[in-house]
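Remarks on the structure that follows.
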Amino acid sequence: MPSSRRRYLRGCVATLGLASAGCLGSNGYIETSPIGTETTPELEAGAAAHKQSRETEPFVAWQQSLGSPITAPPISTGSGLYVGTESGTVKSFATADGSQQWMYDASDPIRAQPRCVGNTVFVVSGKEGLYEDHIVVALDAESGAKQWTFSPGEWWLELLGATDEMVYVGTNTDAPSKQGRTLYALAVSDGSVQWSGEIGDQYEGAVRNGAIYVASYGRFYAYDAESGEQQWVTDVSDYYSQTMVADDDTLCYAADVDETRGTLVGVDSDTGETIWSYDDGFVTSTTLHDGTLYVGGTHVTALDPESGEQQWQAEQSGYVQQAPVQNGVLYAGGDKIRSYDSSDGEQRWTWEPNVDVEGVVPAAVVSDTLYVDSWTDGDPRNRFKFAVDTTAETKRWAFDVGSNLTDLSVDENGAYVAAADTVYALE
């Protein structure tokens, strides 16, 4: 089972109904079944109900069919949108009007969301099966020309991080292990291996303050990002996927500690030594913004990432992974969207959709529009997207095509989402 699928399954096993928000697609697993013909339930006024007539709503700026199920969700860099398919194509579209800029054919399926650094787009291609070696492909962002490929012949590959100079790639197999896998640092310019080091099967990576941190199965690794010197390694029991965040001095993550579920841990980023822990309730999600660590779970909480000292705590549960903070307001998800004063935790307003969803998750906020992902327990489980006016605290639109959607990718112009073989641009 590929590592992205393992992360998806683990992320769906959670309490409070909150951690399942992490299953929307950001783990790399996307449903690709065609749009169904079932009747779309009645939505709020202004909702998009794209039935067989293929009528579009005013907020759908454009849509493009790729001719193959989308396996790598779209990602925007502002002017360009990049997306990959099951047939192995990578396509670039102009975000302004949806016109296709270029196409690259990798032959094998594109495995995960493209990663963009400067003028380079990185993708991983390969079949899903035992002993199927994946390939990293570097493409020119403007022309789509292949710059280089990397295939170490070590089964599945994961893009774990990137800087202007290097991209970091990990290897995985179908048998999770704390060790025996390889982290490669590749030169962005030509794909040459700058250094390599041992890791385990990965959940994710983070590049910060001259280091790359890798959260792997049962163990964390830290390497100097430039030289490859291992800085530290430490065992971690039952790490909670997608909770790792780092500032210049502290690496924070949630894990089971001493039989306490979902404990938040702060470790010294230079040594890996634990400097504080926080176990007031169950932790499902984290995000850093302007020197404050926001925590989701039993309560939405703000902490000092250096000391673990609590700055404020809300009564409500919530989900804050990658939660947007803008103009002093924190937006948290869960059974509804809640906005908090980021300085003291005072709740400002709430919003919830009147369609059948289990929960909503803030994706990004642009000007006075909050873009929202959602999830349900049924099928399709990632069906609805929303835009909320943060000044009027009301819905601007709801988007639904009757099948699974990828998570939203947002830039200053709007939001982008894919279903089956089609990409949509939403204003």
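Residues in the range 171-216 that are of a type in the set (Ser, Thr, Tyr) and surrounded by fewer than 18 Cβ atoms within 10 Å (Cβ to Cβ): Thr173, Ser177, Thr182, Ser189, Ser192, Ser196.
Here the range 97-118 is the region considered, the condition is being surrounded by fewer than 17 Cβ atoms within 10 Å (Cβ to Cβ) and modelled with pLDDT under 95, and the residue that is nearest to Ser143 (Cα to Cα) is Gly118.
Tell me, which strands (runs of 3 or more DSSP E) wholly within the range 240-302 include 2 or more residues that are more than 17 Å from the chain's Cα centre (by Cα)?
Details: elements: 250-257, 260-268, 274-278, 283-289, 292-297.
Qualifying strands (runs of 3 or more DSSP E): 250-257, 260-268, 274-278, 292-297.
Restricting attention to the range 165-192, the residues being at pLDDT below 95 and closer than 20 Å to Ala225 by Cβ number 0.
Of the residues Thr284, Thr301, Thr274, which is surrounded by fewer than 22 Cβ atoms within 10 Å (Cβ to Cβ), hydroxyl-bearing (Ser, Thr, Tyr) and under 18 Å from Thr243 (Cβ atoms)? Walk me through it before giving the result.
On the way: Thr284 fails: surrounded by fewer than 22 Cβ atoms within 10 Å (Cβ to Cβ); Thr301 fails: surrounded by fewer than 22 Cβ atoms within 10 Å (Cβ to Cβ).
Just a single option satisfies the conditions, and that option is Thr274.
Counting the residues of the range 310-335 that are farther than 18 Å from Leu408 by Cα and either part of a loop (DSSP other than H, G, I, E, B) or basic (Lys, Arg) (or both) gives 7.
Being among the acidic types (Asp, Glu) and under 17 Å from His289 (Cα atoms) narrows it down to one of Asp356, Asp344, so name that one. Please lay out each step first, then the result.
Details: Asp356 fails: under 17 Å from His289 (Cα atoms).
Just a single option satisfies the conditions, and that option is Asp344.
You will find that of Ala185, Ala225, the residue that is in contact with a Phe, Trp or Tyr (Cβ under 7 Å, 6 or more places away or on another chain) and either free of Cβ contacts under 8 Å to residues at least 12 places away in the same chain or of a type in the set (Gly, Ala, Ser) (or both) is Ala185 and no other.
Residues of the range 302-330 that are touching a residue at least 60 places away in the same chain (Cβ under 8 Å) and among the hydroxyl-bearing types (Ser, Thr, Tyr): Ser317, Tyr319.
The values are calculated or read from the model by the stated rules, or taken from the named source; none is laboratory data. Everything numeric here is computed off the predicted structure, so don't read it as measured data. We place every Cβ from the backbone using ideal geometry, glycine too, and count neighbours over all the protein chains shown.
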